[in-house]
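The values are calculated or read from the model by the stated rules, or taken from the named source; none is laboratory data. Worth saying up front: this structure is predicted, and the values here are computed from it rather than measured. No Cβ is skipped: glycine too gets one built from the backbone with ideal geometry, and neighbour counts run over all protein chains shown. The protein model used for the area step is the full one, side chains on, heavy atoms only, and it has no ligands, DNA or RNA in it. Shrake-Rupley method; radii C 1.70, N 1.55, O 1.52, S 1.80 Å.
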Amino acid sequence: MTAPLDALIAEHAELETKLADPSVHADQAGARKLGKRYAELTPIVRAARELEQVRSDLEAARELAGEDPAFAEEADELSARIPQLEERLTELLLPRDPHDSSDVVMEIKSGEGGEESALFAGDLLRMYLRYAERHGWKAEVLDGTDSDLGGFKDVTVAIKSRGDAPDGVWSRLKYEGGVHRVQRVPVTESQGRIHTSAAGVLVIPETEDVAAIEIDDKDLRVDVFRSSGKGGQSVNTTDSAVRITHLPTGIVVSCQNERSQLQNKARAMQVLQARLQALAEEKAQQEASDARRTQVRTVDRSERVRTYNFPESRISDHRVGYKAHNLDAVLDGDLDAVLDALSAADRAERLAGG
């Protein structure tokens, strides 16, 4: 084994010892962090041990092959497994996205297409809510601006995992950022013609450690207003909803889902910190000339990442050439096939050093 791999195995053993100590769990946040790291390392340790065992078995089989031909056949089988296990271990040892275990804040905005675009934004929201439900995640709509026909001009939703799995919400939904295009006959179309419109999706990792992002109160404008429900009717008799504007960047965050003004402000500040963290990381990556793909932030039909074609029941992801004719299932939250394709392409690119 290599020295870096030995170090990871030693770290895994140390974490196992710590997690077995009941006193560690008195600090739930600290224990959760240790648990996540342990879960990250466990597949690596298992793969390394399996590879080591197969190599040992191969050596033994080759020694015995001269006495019993059956061992020669076993040696051939074991020898064929080693490259597969080595490739698997190489994949596991690739540098992880530091946010893969993070929860996310997702923003969906209508774009070109007017009311039809707002309806499609609502369809996308439902798709992500259903996907979260399928995976046992908790989804919470923080804020939204309704359209006249029941869609959303814009909506913000927080999606959180419930466990300590190494691959959290970000590891799956980070590929959703960009412009999503829809082709269908709008409900507002009297002639039955197919229209194309678009909605934009922005996915932001919500990290536990945002202490590095310092926000000066003088850089904030805080407005309060009454929470509203569908159709604009007031659902609260007090000014409990909060809108925070970060003056240096122009970032605006609203939250009206909590019961009190203080709770809404605290939640809005968390979202603002996550957005500023993402902005700082993006700036650092650009300055380092990193070739990492960035999310499309303008809702322009020509800059689409995916198309949803209703007449043909087709979903097409233009980044990896993925196509499937199961649009109803996808809009009902069955996204794993397309996300798996995107994840596999990303993994292949990193293995190639791209």
| Taking only DSSP H segments of four or more residues, each worth -39500 (n - 2.57), what value at 222 nm results for the chain once the sum is divided by all its residues, to the nearest 500 deg cm²/dmol? | -15000 deg cm²/dmol
| note | Sorted by chain and then number, the residues having a modelled amide H within less than 5 Å of the amide H of F152, at least 5 places away or on another chain, are L119, A121, G122, S147
| query | So how do 73-85, 332-344 stack up, highest first, on mean other-Cβ count within 10 Å? | reply | 332-344, 73-85
| note | With every protein chain kept in place and a 1.4 Å probe, the chain has an accessible area per residue in Å² of 53 Å²
| Considering the chain as a Gaussian network with a 10 Å cut-off on Cα pairs, which listed residue, R130, R162, R62, attains the greatest mean-square fluctuation? | R62
| Non-local amide H neighbours of Y322 (under 5 Å, H modeled in plane, Pro and chain starts lacking H): which ones? | D317
| request: Would you pull out the residues with amide H under 5 Å of L142's amide H, same chain only if 5 or more places away, H placed 1.01 Å from N? | output: T156, V157, A158
| query | If eta is 1.306 mPa s and T is 10 °C, what Stokes-Einstein diffusion coefficient results for segment 89-133, Kirkwood Rh from Cα pairs, in µm²/s? | reply | 119 µm²/s
| For q = 0.10 Å⁻¹, Debye-computed log10 I/I(0) when each Cα of segment 1-116 counts as one equal scatterer | -0.53
| said: Using only the Cα atoms of the chain, what semi-axes does the equivalent ellipsoid have when each is the square root of 5 times a gyration tensor eigenvalue? Give whole Å, largest first. | reply: 44, 28, 17
| query | What are the ³J(HN,Hα) values, in whole Hz, obtained from phi via the Karplus relation 6.51 cos²θ - 1.76 cosθ + 1.60 with θ = phi - 60°, for each residue of segment 51-65 in sequence order, with x given for Gly and Pro? | reply | 4, 4, 5, 5, 5, 5, 5, 5, 4, 5, 5, 5, 5, 8, 4
